[in-house]
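In what follows, a single structure is set out as structure tokens and then discussed.
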Amino acid sequence: MRLTYFGHSVVQIKTGGATLLFDPFITGNPLAEAVTTADVLSADAIILTHAHGDHWGDTMEIAKRCDALVVANHEITEYVKKNGHAKVQPLNTGGSFRFEWGVLTQTHARHSSSFPDGTYGGNPNGYILHAEDLYIYNAGDTSPFQEMTWIGSQQAIDLALLPIGDVFTMGITGATQAARLIEPKLTIPIHFDTFPQIKADTEKWQELMNKIGRDTRVLKPGESLDL
Ligand code: NI
Ligand code: MN
């Protein structure tokens with residue numbers, strides 16, 4: 001499995017011959033635009049945590065061009081269909097679906113969700129991806145919440161993707177609290193440094209994480225990690 005980070009919450013995972021793309025906000029994302037453009041990214045599946053513009057991003061362009069399956073909550077998949085792309089798989093919180101490349105389970109996230117045009121975007125979510133015997137938890141945009149303990153106890157999380165940018169999600173202290181609950185083997189931070197308001201002190205965050213005995217890896221936009 002190969003994971004590539006494109007800045008903000010854009011995470012590409014190649015597994016089982018498929019390319020998965022989480023929250024493909026490329027256009028208007030200065031971190032992503034420094035290393036790629038939406039029109040060169042391909043995907044077999046686009047997986048959305050919620051409808052906010054900094055996650056929804058280039059979904060329609062990439063989905064149509066690549067004939068990608070869009071996986072998201074019901075409200076988002078209905079919106080995708082109304083915009084002329086029928087290849088979707090809706091999920092709702094707590095639901096799992098087995099794809100050729102792995103199993104996705106939608107989790108709770110403590111946030112909000114609406115499209116850039118104001119349309120209601122359903123509840124925000126996180127995801128647990130089970131593929132190649134690995135459990136990857138993408139928390140989405142969220143604060144810490146106590147049920148993260150349950151997420152970590154149902155399966156040993158190999159990798160957690162946690163937002164650390166603060167203001168719109170948890171910051172470095174909240175993400176450390178979250179890691180304390182989840183107990184992931186490795187944590188990669190997301191949703192930071194894209195804009196001045198969500199600048200994060202990653203060194204300080206790594207210190208906090210090391211204090212609770214948790215491994216971290218900060219990926220630069222465009223950087224990959226083999227798992
Ligand atoms: Ni959001
Ligand atoms: Mn966001």
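Criterion first (out of contact with any Ser or Thr (no Cβ under 9 Å at 6 or more places or on another chain) and within 17 Å of Q106 (Cα to Cα)) does A156 satisfy it? Yes.
Figure legend. Inter-residue proximity from the stretch 39-50: first residues among the hydroxyl-bearing types (S, T, Y), second residues within 16 Å of ligand 2 (Cβ to nearest atom), beta-carbon distance below 6 Å, spacing 6+ or different chains. Indicated pairs: T49/D23; T49/H55; T49/N125; T49/G140.
The set of residues in the stretch 26-57 that are away from ligand 1 (no atom under 13 Å from the Cβ) and within 14 Å of the chain's Cα centre (by Cα) comprises I26, A45, I46, I47. Of the residues examined, A86 is not one that is within 30 Å of G171 (Cβ to Cβ) and among the small types (G, A, S).
Of everything listed in (1) within 15 Å of A139 (Cα to Cα); (2) more than 16 Å from ligand 2 (Cβ to nearest atom); (3) not hydrophobic (A, V, I, L, M, F, W, C), the single unmet condition for S42 is (1).
For the stretch 82-120, a tally of residues being within 14 Å of I46 (Cα to Cα) and among the basic types (K, R) returns 1. For the stretch 167-183, a residue qualifies if it is within 14 Å of ligand 2 (Cβ to nearest atom) and surrounded by fewer than 19 Cβ atoms within 10 Å (Cβ to Cβ), and the qualifying residues are V167, F168.
Those strands (runs of 3 or more DSSP E) of the stretch 116-190 in which 3 or more residues are within 16 Å of ligand 1 (Cβ to nearest atom) and touching a residue at least 12 places away in the same chain (Cβ under 8 Å) occupy 125-131, 159-163.
Restricted to the stretch 3-22, and to residues there that are surrounded by 24 or more Cβ atoms within 10 Å (Cβ to Cβ) and touching a residue at least 60 places away in the same chain (Cβ under 8 Å), the residue that is nearest to ligand 1 (Cβ to nearest atom) is S9. Scanning the stretch 55-74 for residues that are charged (D, E, K, R) and more than 16 Å from ligand 2 (Cβ to nearest atom) turns up E61, K64, R65, D67.
Throughout, read-outs are computed from the coordinates displayed, never taken from laboratory work. Everything numeric here is computed off the predicted structure, so don't read it as measured data. Here Cβ is always computed from backbone atoms with ideal geometry, including for glycine, and neighbour counts include all displayed protein chains.
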